[in-house]
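Before any comments, here is the structure.
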Amino acid sequence: MQCQLYEILGCPCAEMMEDAASAQIISFIRENKAGYTVAINAEKIWRYKSDKNLRSVIDKSIFPYPDGAGAVLGLSWLYGINSEKVNMPIKALEAADRHKLKTFIVGANEINHELAVANIMRTYPNIALVGHLHGYHKKEFIFSEIISCKPILILVAMGSPTQEIWAEELISQTQFGIVVGCGGALDVLSGKVSRAPDFMINNNLEWFYRLYKQPWRLKRQWFLPLFFLKLLKARLAKYFVRNY
């Protein structure tokens, strides 16, 4: 199963519907591919050309998937593609449960981590959990534990872009497994943090809910009006090239 990649303002992003994401993960595993996913959103697209390290991490990933309104809108406006925001941590857990995958989970603080792992194992009892660690251990210790367990699926909830940088380094050392970045998913799975209502998720408004719950994010989202203007300009340029 090949995921088609498209460029949104230069940044690669896969065409993906959420229901197909689990199958894509399993496809990589069956092909014995080692690599990591990257959640593509407006912030990563905006920084792609100016941030050399982030660009390298994205380019080396095997699955840059849409994870926000910016990516979904970019695929729609520039290519007419009906894609969806993919909740990749949940899709990965569903795949691990269905196929009894050897799985390692890393991230969150100690309390949230333990609560999240307990909830995960109640919800997905067929996962072969070979190890788990909260996110405040040293990187070298975490890597050594993962290497000793040799999991097929590794969930890393360290926040972006730290988790993707770690994933690239881990895969370069081990050359096995699929690493899925989970951001704040373990905090949500712990029950301590609530996700946006379905209406907002389904209408690409999850970013607004996060801003409402965490006003400090405003400092990170100053670029959004400029991003959407740049995206609109790219859309209009495509339209005129195609029609004139």
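The values are calculated or read from the model by the stated rules, or taken from the named source; none is laboratory data. All of these numbers come straight from a predicted model, not from anything done at the bench. Please note: Cβ atoms are built from the backbone with ideal geometry, for glycine as well, and neighbour counts cover all protein chains shown. Only protein heavy atoms, including side chains, enter the accessible area calculation; ligands, DNA and RNA are left aside. Shrake-Rupley method; radii C 1.70, N 1.55, O 1.52, S 1.80 Å.
Normalised radius of gyration (Cα atoms, divided by 2.2 N^0.38 Å) for the range 1-48: 1.25.
Between helix 162-174 and the chain there is an angle of about 60 degrees, using the helix long axis and the longest principal axis of the Cα atoms. Can you tell me which of Asn87, Asn32, Asn41 moves the most in a GNM of the chain? Springs connect C-alpha atoms under 10 Å apart. It is Asn32. Within the shell of other residues whose beta carbon sits under 12 angstrom from the beta carbon of Pro125, the net charge comes to +2, with Lys and Arg scored +1 and Asp and Glu -1. Taking every alpha-carbon pair in the range 30-95 and binning the separations at 10 Å intervals from zero gives 20, 46, 30, 4 percent. Once you keep just the Cα pairs under 8 angstrom separated by 6 or more residues, what percentage relative contact order results for the chain? After rounding, I find 22 percent.
Give the accessible surface of the range 1-111 per residue, rounded to a whole number of Å², with probe radius 1.4 Å and ligands, DNA and RNA excluded. If you can, show how the numbers build up before the last one.
Working: 4580 Å² over 111 residues.
That works out to 41 Å² per residue.
What full-extension length gain, to one decimal in nm, is calculated for Asn109 and Val193 as 0.36 nm per residue of separation minus the Cα-Cα distance? Walk me through the intermediate numbers first.
Details: separation 84, 0.36 × 84 = 30.24 nm, distance 1.27 nm.
Using 0.36 nm per residue and subtracting the Cα-Cα distance, I get 29.0 nm.
Taking the Cα centre of the chain as origin and assigning +1 to Lys and Arg Cβ atoms and -1 to Asp and Glu Cβ atoms, the resulting dipole is close to 640 debye. When peptides 134-146, 73-85, 169-181 are sorted by average Cβ neighbour count within 10 Å, with the highest value leading, the order is 169-181, 73-85, 134-146.
Largest first, the residues Arg235, Arg98, Arg47 sort by 1.4 Å accessible area into Arg98, Arg235, Arg47. The fraction of accessible area contributed by carbon and sulfur in the chain is 54 percent, rounded to a whole number (1.4 Å probe; ligands and nucleic acids excluded). For the range 99-181, the Kirkwood estimate of hydrodynamic radius, built from reciprocal distances between every pair of different alpha carbons, is 12.7 Å.
In the chain, a dipole from Cβ-located charges (positive for Lys and Arg, negative for Asp and Glu) runs towards its positive end, and of Met16, Ala34, Ser50 it is Ser50 whose Cα lies farthest in that direction. Taking the Kirkwood radius as Rh and the Cα radius of gyration as Rg, the range 1-133 has a ratio of Rg/Rh equal to 1.00.
Among Leu75, Leu115, Ile90, which residue has its Cα positioned farthest towards the positive end of the charge dipole of the chain, with +1 placed on the Cβ of Lys and Arg, -1 on the Cβ of Asp and Glu, and the dipole taken about the Cα centre? Result: Leu75, furthest along the dipole toward the positive end. Dipole magnitude for the range 57-106: computed about the Cα centre from +1 point charges on Lys and Arg Cβ and -1 point charges on Asp and Glu Cβ, it is near 220 debye. The long axis of helix 88-99 is offset from the longest Cα principal axis of the chain by roughly 50 degrees.
Considering only Pro151, Pro225, Pro64, give the residue with the highest GNM mean-square fluctuation for the chain, with springs between Cα atoms whenever their separation is below 10 Å. In the Gaussian network model the winner is Pro225. Dividing the C-alpha radius of gyration of the chain by 2.2 N^0.38 Å, with N its residue count, gives 1.01.
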